[in-house]
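Take a look at the structure below.
Please treat every number below as a calculation from the coordinates, not as lab data. Worth saying up front: this structure is predicted, and the values here are computed from it rather than measured. Cβ coordinates were reconstructed from backbone atoms using ideal geometry, including for glycine residues, and neighbour counts include every protein chain displayed.
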Amino acid sequence: MYSAVSGPVVDAATDISGSSGFIRKIIGALKPKATISYQTSSRMEHALSIAAKMSSVPRLVLNYNSHTLSKGACSEFSNHGHYQLKVWNALSDRVLTWSPSNAALVSHLQATSMKKSVTAIRAMTTTPYDVAEKGLAVQDRPVVLHAGSFLSWNRTLLWCLETSDEYAASIVSFADAARDIDGIEAVVRCKRKGEGGGEAIARVLPDDAPVTMQGLDRPFKDVLPEVTVLISFMSTVIEEAIAARTPVLLWGPTERYLHLAPQRVPPTGPDDRAAVYTTSDRPSLVAMLKGIVAAHAKTPLTDAEIAPYVFDTSMPGTEAVASWIETNKFPELHPETVVANG
């Protein structure tokens, strides 16, 4: 039984005041072997977790957001705390982790917080691309794509995400840097949300900004094969890009948070490349982007470069979860599965 059931009627019927009892009746009628939810912290999933516990039904959580053993002054409070609020708490029995970066966080929480059953799976969005799927070899110009996310000031996600003004500032600085980098196609892909949607960002950019605003009509997985470098601050697209053999530049107006451990100097060639980079100011942004583009243009990330961040195809995918539930036999995450990326 999936907690993704939604709609005004069900949502109203499962309000916290009487939700667990209502869902317990559904569980009693369906007799599921397990429940699967995206998180435990929202109204619907919280009620499901309580009802499943009362009915002795195992509770699985598969959260598809990118939660990592992140770096920076706010990491322990921000991303780690947010993951505990949503996933790693008394309302879940087994956590499904879909990347080595998340598995590293899970192993950290196993050691420092409560113990929990964990199974590693390979997510569809982070299945490594075949090198042939990257279209870099036939590109006339390298594509540098800015694709991030933000929350408004009153919903700061414990300071993991940029605020809307920080998000806008990062795009403006990227557009400014693009003026000094010959031969690239600079693209900004904005979400349709609040004060930082595409129309709002277009208004803060100079009229002659050398960037193209990209809509969301094409799925991100179709865009990634064409991208030479992804720029982002904190987003699930970071791990998706690495799976697509695309290097990532962690960029924003603050260093309070780093989603993954980065290389801080520009690559000079194939021998000192990385999958993740960062830099801290506008002058170094130009040098960093020039170095990344030169080192990575027409040459996708290798298996060795993506290995610390992506489970390879030998790892069972999400299609295996149903059979594990049916047999109640789950593979357990072992320490050797976790590859340190820092």
Taking the Cα-to-Cβ direction at LEU30 and at TRP153 and moving 7 Å from each Cα, how far apart do the two end points lie in nm? 4.2 nm
With label points built 7 Å along Cα→Cβ from the Cα atoms of ARG203 and SER41, find their separation and express it in nm. 3.0 nm
Hey, what angle do you get for helix 19-30 against the long axis of the chain, alpha-carbon based, 0 to 90 degrees rounded to 10? 70 degrees
Relative to the longest principal axis of the C-alpha atoms of the chain, give the angle of the C-alpha long axis of helix 100-112, reported between 0 and 90° and rounded to the nearest 10°. 50 degrees
Would you compute, for the Cα atoms of the chain, the largest minus smallest coordinate along each principal axis and list the three values in descending order, in whole Å? 64, 42, 36
Report, in whole Å, the centroid distance computed from the Cα atoms of the range 267-327 and the range 113-153. 8 Å
Does anyone have the angle between helix 282-296 and the longest principal axis of the chain? Alpha-carbon axes, 0 to 90°, nearest 10? 80 degrees
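With 32 Å as the limit, write out which pairs from LYS31/LYS86; LYS134/LYS191; LYS31/LYS191; LYS31/LYS116; LYS53/LYS191; LYS86/LYS298 have Cα-Cα distances beyond it, or answer none. Provide the component values of the computation, followed by the final result.
Numbers: LYS31/LYS86 25 Å; LYS134/LYS191 24 Å; LYS31/LYS191 39 Å; LYS31/LYS116 24 Å; LYS53/LYS191 37 Å; LYS86/LYS298 39 Å.
Exceeds cut-off: LYS31/LYS191; LYS53/LYS191; LYS86/LYS298.
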Going highest first, how would you order 270-278, 171-179 by mean Cβ packing within 10 Å? 171-179, 270-278
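Treat the range 132-306 as a sphere of radius equal to its Kirkwood radius over Cα pairs and apply Stokes-Einstein at 37 °C in a medium of 0.692 mPa s; give the translational diffusion coefficient in µm²/s, rounded to a whole number.
Details: Rh = 16.1 Å.
Translational diffusion coefficient: 204 µm²/s.
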Need one number: % antiparallel among DSSP beta bridges in the chain, to the nearest 5. 5 percent
